[in-house]
Ligand code: NAD
Ligand code: MG
């Protein structure tokens, strides 16, 4: 029996991870953690019987302790709690389904404690990939990608480790605003941005997909996961989301992974790697698929992609600035305090006013994050 712990069990990836656990019946969940949704966390505790559970606020932790007083579960809170979940002794895999840079410290703690990481939380790798990948190698643990594109690439690389990757073809749906002009993007509403054509996901990543910042983050994620240069990553828009990504080898062969858009596949693949298991759900019907089409991304309109490549090329602390500015800007957009294209302007402004640190440690990454938040707060308070 496998034992896992989950950071962010009440979110989109977290609940689908528990769907996979429920469907297979041979994984034990030792620890769960959530931000604020204590009602759902209580249900999950009653169903999966973890030894540990964590919520962000101590006040919520007190309420939850009372609610589950009949069960032998220890309720934790805050960053200490997240770290305790991450290093939970029984678990061999930590699923990082938490959103944002808050995942950095617990992910590093888990790697140090020898846990394999089923990684959904891309922001952690974007900002601290230069620390995490070497640490993972030193500790002999595996980083198993959960992001669908990266899982696709990981699957395409099966049995190919000795062969040189020529390039990674990272596919993108183009999001709900594909084909729009920058002028049109200025006027889109929160409701429009939250409607993704193919995937149902948490709010932040859905906005990131609409702005194509998500694809930019995924370029940086791919660079660290597969040890390739930025010039070896090409973003290809494939609006039907049937091809989840491809790898081209030096002989010109291109290997792709295809499937219906269902995050349970990459989640299950990461949990059972290298084994494949039955997964209920729709199958691709090639008699019905009329076409799979390809386009170049419009990086002049979707500036998120352009700025991401720029931040990645500069490196050091710049990806942290890109990511932190985006995290805060997306939150302001969701609270209707800024327009959609202000997200790009905020990222641009923060990148333009940052003096790069070359090889930042965790404290410097978190200090950079903080200074970006302060800059944005000073300009957008109230
Ligand atoms: P979500 O918003 O649905 O869920 C986030 C989870 O993190 C929730 O359980 C929430 O309670 C928890 N959380 C948030 N802040 C917290 C805090 N301060 N302390 C403790 N827990 C906290 O997000 P999601 O869509 O599931 O995405 C999670 C991660 O996976 C993101 O990094 C995202 O980019 C990545 N990802 C998601 C998808 C997807 O289909 N949803 C696909 C690929 C990658
Ligand atoms: Mg993805």
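Observations
- Residue in region 287-301 that is closer than 19 Å to residue 238 by Cβ, at pLDDT 95 or above and part of a helix (DSSP H, G or I) present: no
- When residue 69 is tested against (1) away from ligand 1 (no atom under 14 Å from the Cβ); (2) more than 22 Å from the chain's Cα centre (by Cα); (3) in contact (Cβ under 8 Å) with a residue 12 or more places away in the chain, exactly one condition is not met: (3).
- Among the candidates 125, 82, 135, 144, the residue that is crowded, with 20+ Cβ neighbours inside 10 Å, assigned to a helix (DSSP H, G or I) and more than 9 Å from ligand 1 (Cβ to nearest atom) is uniquely 125.
- Residue within region 85-105 that is within 13 Å of ligand 1 (Cβ to nearest atom), closer than 14 Å to residue 53 by Cα and part of a helix (DSSP H, G or I) present: yes
- On inspection, residue 16 qualifies as in a helix (DSSP H, G or I), surrounded by 15 or more Cβ atoms within 10 Å (Cβ to Cβ) and within 16 Å of ligand 2 (Cβ to nearest atom).
- Exclusive hit being part of a loop (DSSP other than H, G, I, E, B) and either buried (at least 18 other Cβ atoms within 10 Å of the Cβ) or touching a strand residue (DSSP E or B) at 6+ places or on another chain (Cβ under 9 Å) (or both), set 72, 50: 50
- When residue 162 is tested against (1) farther than 23 Å from residue 93 by Cβ; (2) at pLDDT 95 or above; (3) not in a strand (DSSP E or B), only condition (2) is not met.
- When 213, 219 are checked against the criterion of being under 19 Å from the mean Cα position of the chain (by Cα), closer than 17 Å to residue 166 by Cβ and within 15 Å of ligand 1 (Cβ to nearest atom), 219 stands alone in meeting it.
- Subset of region 240-258 (residues that are at positive phi, part of a loop (DSSP other than H, G, I, E, B) and surrounded by 18 or more Cβ atoms within 10 Å (Cβ to Cβ)): 241
- Which numbered condition residue 147 fails, given (1) more than 16 Å from ligand 2 (Cβ to nearest atom); (2) under 19 Å from residue 115 (Cβ atoms); (3) in contact with a helix residue (DSSP H, G or I) (Cβ under 7 Å, 6 or more places away or on another chain): (1)
- Search result, residues across region 169-206 that are in contact with a strand residue (DSSP E or B) (Cβ under 8 Å, 6 or more places away or on another chain), within 13 Å of ligand 2 (Cβ to nearest atom) and either closer than 14 Å to residue 340 by Cβ or not in a loop (DSSP other than H, G, I, E, B) (or both): 170, 171, 172
- Residue list for region 285-304, restricted to those being touching a strand residue (DSSP E or B) at 6+ places or on another chain (Cβ under 7 Å) and closer than 15 Å to residue 240 by Cβ: 292, 294, 295
- Subset of region 155-168 (residues that are in contact with a helix residue (DSSP H, G or I) (Cβ under 9 Å, 6 or more places away or on another chain) and within 16 Å of ligand 2 (Cβ to nearest atom)): 155, 168
- Selection over region 110-122 of residues that are away from ligand 1 (no atom under 16 Å from the Cβ) and either without any contact (Cβ under 8 Å) to a residue 24 or more places away in the chain or touching a helix residue (DSSP H, G or I) at 6+ places or on another chain (Cβ under 7 Å) (or both) gives a count of 3.
- Going through (1) part of a loop (DSSP other than H, G, I, E, B); (2) touching a helix residue (DSSP H, G or I) at 6+ places or on another chain (Cβ under 7 Å); (3) surrounded by fewer than 20 Cβ atoms within 10 Å (Cβ to Cβ) one by one, residue 261 falls short only on (2).
- A single entry from 223, 189 fulfils the requirement of being surrounded by fewer than 16 Cβ atoms within 10 Å (Cβ to Cβ) and on the phi < 0 side of the Ramachandran plot: 189.
The values are calculated or read from the model by the stated rules, or taken from the named source; none is laboratory data. The shown structure was predicted, so the numbers you read here are calculated from the model rather than taken from an experiment. As a convention, Cβ positions derive from the backbone with ideal geometry for all residues, glycine included, and neighbour counts pool all protein chains shown.
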